[in-house]
Amino acid sequence: MASYLADYSRAAKNREQKIRRAVDSVLSQTIPAELVVISDGCQKTVDIMNKHYEGQFSGYLINHRTLWAGAPRNTGIDKAKGEIICYMDVDDYMDKNHCEKILTFFDSNDWVWFDDWVYSNNSGWRQRKCDVNKRGMCGTSNLAHKKVNIWPDKGSYNHDYVAIQNLKNWSTNFKYIGGGGYRIGHIPGRYDV
């Protein structure tokens, strides 16, 4: 989980509380899940994690990079002890069996992609169809892969799409696995729960 809790344009509100929701969702998985937190030059992240979760995660403070740079995520991949990488954003959270669902598909695949859940004020949570072949239709909320660095050094808001293309170039041994249990807590301009 890369974390930068300073203010920036289109950021989620109440990220100090949401990071705790995100961490709690990882720590409550039905299978043991390693949590690696990369604080992107953000002392506030370090303070929150140490106050509430000391000893329950691996944490690293790196020098702040430009927004959407790949260094925080690549650092997290390098520091992870596990061989399967799944992502968490500070303003999102996972259903308790999300990691268990994903893990079952790694006997024969190098990476998998899956649908996530988005929120509507009219109808509540609904599953969103992901497509790794279309820009803007798939992101960190939809990916899990074996341990390999895929993130571009410099990025933009579409850095997820670039990372997916890097995964495709790395391995054609991947599979769509249907619905996951990843809940998007914030989509700029649409909602923030």
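The values are calculated or read from the model by the stated rules, or taken from the named source; none is laboratory data. What you see is a predicted model, and the numbers here were worked out from it, not measured in a lab. For neighbour counting, all protein chains shown are included, and Cβ atoms are generated from backbone atoms with ideal geometry for every residue, glycine included.
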| field | Condition met for T45 (out of contact with any strand residue (DSSP E or B) (no Cβ under 6 Å at 6 or more places or on another chain), at pLDDT below 95 and β-branched (V, I, T)) | value | no
| message | Condition (residue is under 16 Å from H159 (Cβ atoms), out of contact with any helix residue (DSSP H, G or I) (no Cβ under 9 Å at 6 or more places or on another chain) and free of Cβ contacts under 8 Å to residues at least 60 places away in the same chain) applied to the stretch 63-70: is it met by at least one residue? | response | no
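Considering only residues that are in contact with a strand residue (DSSP E or B) (Cβ under 8 Å, 6 or more places away or on another chain) and part of a loop (DSSP other than H, G, I, E, B), look in the stretch 1-10 and name the one that is surrounded by the most Cβ atoms within 10 Å (Cβ to Cβ). Let's see the steps before the verdict.
The initial filter retains those residues of the stretch 1-10 that are in contact with a strand residue (DSSP E or B) (Cβ under 8 Å, 6 or more places away or on another chain), namely 1-4.
Checking the rest, the ones that are also part of a loop (DSSP other than H, G, I, E, B) come to 1, 4.
Values: M1: 24, Y4: 20.
Of everything passing the filter in the stretch 1-10, M1 is surrounded by the most Cβ atoms within 10 Å (Cβ to Cβ).
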| task | Considering only the stretch 119-146, state which residues are in contact with a strand residue (DSSP E or B) (Cβ under 7 Å, 6 or more places away or on another chain) and either assigned to a strand (DSSP E or B) or among the β-branched types (V, I, T) (or both). | result | Y119, S120, W125, R126, Q127, R128, V132, L143, A144, H145, K146
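Test G82 against the criterion of being in a loop (DSSP other than H, G, I, E, B) and more than 14 Å from the chain's Cα centre (by Cα), and give yes or no.
Values: in a loop (DSSP other than H, G, I, E, B): yes; more than 14 Å from the chain's Cα centre (by Cα): yes.
Yes; evaluated as a whole, the condition is true for this residue.
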| With (1) surrounded by 15 or more Cβ atoms within 10 Å (Cβ to Cβ); (2) over 20 Å from K18 (Cβ atoms); (3) more than 14 Å from the chain's Cα centre (by Cα); (4) of a type outside the set (A, V, I, L, M, F, W, C) as the list, and H159 as the residue in question, which single condition is left unmet? | (3)
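Out of the residues in the stretch 23-61 that are charged (D, E, K, R) and part of a loop (DSSP other than H, G, I, E, B), state the one that is nearest to A71 (Cα to Cα).
Applying the filter and picking the extreme gives E34.
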| said: When you scan the stretch 125-136, do you find a residue that is over 16 Å from the mean Cα position of the chain (by Cα), closer than 21 Å to N74 by Cα and modelled with pLDDT of 95 or more, even just one? | reply: no
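How many residues does the stretch 107-123 contain that are modelled with pLDDT of 95 or more and not β-branched (V, I, T)? Walk me through how you get there before you give the answer.
Just the residues of the stretch 107-123 that are modelled with pLDDT of 95 or more, to begin with: 109-119.
With the extra rule that they be not β-branched (V, I, T), the set shrinks to 109-111, 113-117, 119.
Counting residues in the stretch 107-123 that are modelled with pLDDT of 95 or more and not β-branched (V, I, T) gives 9.
Only one of these is assigned to a strand (DSSP E or B) and either surrounded by 14 or more Cβ atoms within 10 Å (Cβ to Cβ) or more than 17 Å from the chain's Cα centre (by Cα) (or both): K175, K168, K154. Name it.
Working: K168 fails: assigned to a strand (DSSP E or B); K154 fails: assigned to a strand (DSSP E or B).
It is K175.
Yes or no, residue by residue, for (1) touching a residue at least 12 places away in the same chain (Cβ under 8 Å); (2) out of contact with any Pro (no Cβ under 8 Å at 6 or more places or on another chain); (3) under 18 Å from V26 (Cβ atoms):
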| site | (1), (2), (3) |
| --- | --- |
| K101 | yes, yes, yes |
| D107 | no, yes, no |
| W117 | yes, yes, yes |
| V132 | yes, yes, no |
| I150 | yes, yes, no |
| L167 | yes, yes, no |
